[in-house]
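Report on the structure given below.
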Amino acid sequence: MPTVKTVAGAEKNANTAESGISGGIETTTERIIRVETTNVENKNGVTIHSHERLDELHRNGYWIIQDPGRFCFGMDAVLLSGFAKVKPGERALDLGTGTGIIPILLEAKTKGEHFTGLEIQPESADMAARSVAYNHLEEKITIVTGDIREASARFGAGSFEVITTNPPYMIGQHGIQNDANAKTIARHEVLCDLDDILRESAKMLKQGGRFYMVHRPFRLAEIFSKMVAYHIEPKRMRLVYPFVDKEPNMVLIEGLRGGKSRLMVEKPLIVYKERGVYMPEIYDIYGY
């Protein structure tokens, strides 16, 4: 039998969680994510390797396969899935999908017709595809291995109503480079940058299509300037604060392809009521 343990978040302690990079928090009496570590293969007809684990998503009974030695999803991805809107009949694309967390959560939370995840790292894309199969979502979610910089050539112009992305936050060599290549690619603009993401998104979005991104506030002026340059008008923004008396460490942004200039700033999203205890809205977003 696989070993089942319960942790709060994924891979990070409380101080790292406040940085906005990961959703991990210190273990408390509020149990957040159940992690099933297993050496069993072919669960639900899907191979799960000994170095991988299953994380429970608390949505529709879904689980996700992750490798703790690579880059596990964090709170930023979960918050983006709660901020993005996908309407019935719409097709959504997630750029830099990693292990597929955003398409899987959006499929659980919305009535979208189909979800596609694009990921350049084959190992991550393979885990994402196996998570899709594990949850029997092959008819709803497609995982594609490929380069964001060539996305519009692959999918075609005006092919999606919604595009989401949780991109690398750090500019080039800025910040501490991680030893693991997978983590460097996920956190730093090594294989794509903000221009690549916005250029390709502008091409692939239908007129009036919506663009959703989670990023860092310190790049907000640059983000808005470049969104406008690529004809994706910023329409909605929400700042995320770790505590009510701290500075924001994440920003959620919605843009409209070809939209008119009018930005709505939503009320702040506060993560922690006190150290180790989420605010009620965060529990709602996670699905507890």
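The values are calculated or read from the model by the stated rules, or taken from the named source; none is laboratory data. It should be emphasised that the depicted structure is a prediction, and the values quoted were computed from it without experimental measurement. Backbone-built Cβ (ideal geometry, glycine too); neighbour counts: all protein chains shown.
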Name the single residue that is surrounded by the fewest Cβ atoms within 10 Å (Cβ to Cβ) among those in segment 99-124 being touching an Asp or Glu at 6+ places or on another chain (Cβ under 6 Å) and closer than 15 Å to Asn166 by Cα. Ile120
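Given the residues Lys206, Lys273, which is the only one that is surrounded by fewer than 19 Cβ atoms within 10 Å (Cβ to Cβ), among the basic types (Lys, Arg), modelled with pLDDT of 95 or more and under 21 Å from Ser81 (Cα atoms)? Walk me through it before giving the result.
Numbers: Lys273 fails: under 21 Å from Ser81 (Cα atoms).
The unique qualifying residue is Lys206.
Based on what the data block shows, is Ala133 in a helix (DSSP H, G or I) and touching a Leu at 6+ places or on another chain (Cβ under 8 Å)?
On the way: in a helix (DSSP H, G or I): yes; touching a Leu at 6+ places or on another chain (Cβ under 8 Å): no.
When the stated conditions are applied, Ala133 does not pass them.
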When (1) at pLDDT 95 or above; (2) crowded, with 21+ Cβ neighbours inside 10 Å are applied to Ala186, the one that fails is (1)
Sole miss for Ala151 among (1) surrounded by 22 or more Cβ atoms within 10 Å (Cβ to Cβ); (2) under 16 Å from the mean Cα position of the chain (by Cα) is condition (2)
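Any idea how many residues of segment 215-268 are among the small types (Gly, Ala, Ser) and either in a strand (DSSP E or B) or in contact (Cβ under 8 Å) with a residue 40 or more places away in the chain (or both)?
Just the residues of segment 215-268 that are among the small types (Gly, Ala, Ser), to begin with: 221, 225, 229, 255, 258-259, 261.
Filter once more, keeping what is either in a strand (DSSP E or B) or in contact (Cβ under 8 Å) with a residue 40 or more places away in the chain (or both): 255, 258-259.
The total comes to 3.
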Among (1) surrounded by fewer than 16 Cβ atoms within 10 Å (Cβ to Cβ); (2) modelled with pLDDT of 95 or more; (3) under 29 Å from Ala151 (Cβ atoms); (4) not polar (S, T, N, Q), there is one condition Leu252 misses while meeting the rest; what is its number? (1)
